[in-house]
Amino acid sequence: MKILVTGADGFIGRNLCIRLEDTGYENIIRVDRNTPKSTLYSGLNSADFVFHLAGVNRPINESEFVEGNADLTKSIVDYLKEHNPKASFILSSSTQALADNGYGKSKALAETIVEKYGRESEADYYIYRLPNVFGKWCKPNYNSFVATFCYNITNDIEITINDPKTPVTLIYIDDLCDELIKLLKKNRGSGYQRVSPEYHTTVGEVAGILKGFKISRSSLVIDDVGVGFKRALYSTWLSYQSPEQFSYNIPAYADERGVFCEMLKTKTSGQFSFFTAHKGVTRGGHYHHTKNEKFLVIKGKALFRFEHIITHERYELIVNSDSYQVVETVPGWTHDITNIGDIELVVMLWANEIFDREAPDTITRVL
């Protein structure tokens with residue numbers, strides 16, 4: 001299968017071409033503004049699918065809207081009609097096609113051109129009226145406020161918000177690419193299509209979430225970035241980090257026993273830490289009523305000791321770094337950990353809640 005992508009050097013085009021390659025499609029003809037017309041027409045001759053992503057949205061003169069959106073679409077479609085009329089055609093349009101402005105009118109005209117091509121050639125055609133698309137590699141200060149916010153907040157540049165309550169509809173670049181690639185794999189009816197999911201939010205909410213991502217590097221409290229909109233937005237925000245910003249320091253608390261270091265805190269799923277213990281050193285010596293923890297020895301050899309605070313039943317467990325064994329604390333049991341090896345002990349720790357100095361639920365009781 002041969003696939004031609006116009007606007008291949010743009011935001012959507014770059015992401016789509018990479019995703020096509022990742023999915024196993026090798027015959028991809030990339031067309032950008034510097035591609036000779038001979039190369040474009042040669043590609044159109046043999047293309048099975050044409051992803052028409054090229055367009056103009058910020059011209060110097062308003063007449064360029066028609067030239068870059070409607071006229072370019074017509075020239076491609078006219079060539080297909082004559083030389084390759086069965087090629088499937090996908091048009092990247094905009095929700096602005098319903099608006100009474102130069103850009104919207106030019107997009108609406110392009111849609112009409114594609115619809116006519118589909119009817120006359122009986123080729124499959126798909127039109128996507130896209131809202132604001134966000135994701136990696138989108139140019140800031142161009143056509144996505146999300147890209148601008150990500151870049152500015154990352155680099156301590158002030159952002160301008162006229163009305164934080166302004167509603168916006170967003171789709172994520174990976175979801176868009178997934179949708180476009182599905183067109184290659186199974187037939188569906190021609191016409192207007194939608195990308196799912198759509199995220200309905202406000203300009204102010206997006207700004208607040210992004211500022212929270214930046215603060216998380218000092219507070220260590222990360223938002224719920226594993227699913228949905230915040231997952232997509234966090235990935236996007238990270239993509240605007242320069243290499244010098246790929247890392248950041250976290251606090252470490254050292255004493256005669258070793259080092260304790262908090263790595264990451266979550267709003268609903270606890271926190272991750274690690275600690276070290278010198279040879280012969282014992283850590284812990286407390287119990288919890290509700291809090292629970294998981295320990296993983298990643299270097300050295302440890303003796304875990306437990307005692308029930310009422311029955312005084314005792315239990316001991318020796319774990320070394322070769323056993324890959326998680327040891328879990330149980331409410332109502334005092335526990336401590338002793339380095340019984342010949343090298344420094346390093347233990348990874350997860351607690352189900354963020355440590356609260358006002359209500360620590362950590363009661364000292366030495367075994």
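Couple of notes before you dig in:
- From the list 138, 150, the lone residue that is under 19 Å from residue 93 (Cβ atoms), among the hydrophobic types (A, V, I, L, M, F, W, C) and in contact (Cβ under 8 Å) with a residue 60 or more places away in the chain is 138.
- Across segment 179-212, the number of residues qualifying as among the hydrophobic types (A, V, I, L, M, F, W, C) and under 16 Å from residue 131 (Cβ atoms) comes to 4.
- Segment 239-261, residues that are surrounded by 12 or more Cβ atoms within 10 Å (Cβ to Cβ) and at negative phi: 239, 240, 241, 245, 250, 252, 257, 259, 260, 261
- Residue count, segment 243-253 (criterion: in contact (Cβ under 8 Å) with a residue 24 or more places away in the chain and out of contact with any Cys (no Cβ under 9 Å at 6 or more places or on another chain)): 2
- Number of the condition not met by residue 185 [criteria: (1) in contact with a strand residue (DSSP E or B) (Cβ under 7 Å, 6 or more places away or on another chain); (2) open to solvent by 50 Å² or more (accessible area, probe 1.4 Å)]: (1)
- Some residue of segment 303-311 being among the hydrophobic types (A, V, I, L, M, F, W, C) and touching a Gly at 6+ places or on another chain (Cβ under 6 Å): yes
Here's the yes/no breakdown for (1) in contact (Cβ under 8 Å) with a residue 24 or more places away in the chain; (2) outside any strand (DSSP E or B); (3) crowded, with 17+ Cβ neighbours inside 10 Å:
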{"position": "263", "(1), (2), (3)": "yes, no, no"}
{"position": "269", "(1), (2), (3)": "yes, yes, no"}
{"position": "303", "(1), (2), (3)": "yes, no, no"}
{"position": "306", "(1), (2), (3)": "yes, no, yes"}
{"position": "311", "(1), (2), (3)": "no, yes, no"}
{"position": "336", "(1), (2), (3)": "yes, no, yes"}
{"position": "350", "(1), (2), (3)": "yes, no, yes"}
{"position": "360", "(1), (2), (3)": "no, yes, no"}
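- Remark: residue 189 matches the filter, which requires a residue to be over 20 Å from residue 16 (Cβ atoms) and at pLDDT below 95.
- Among the criteria (1) touching a helix residue (DSSP H, G or I) at 6+ places or on another chain (Cβ under 8 Å); (2) closer than 28 Å to residue 197 by Cα; (3) not β-branched (Val, Ile, Thr), the one residue 101 does not fulfil is (1).
The values are calculated or read from the model by the stated rules, or taken from the named source; none is laboratory data. Predicted model only: the values in this text are computed from it and were never measured. Backbone-built Cβ (ideal geometry, glycine too); neighbour counts: all protein chains shown. Accessible surface areas use protein heavy atoms only, side chains included; no ligands, DNA or RNA. Shrake-Rupley method; radii C 1.70, N 1.55, O 1.52, S 1.80 Å.
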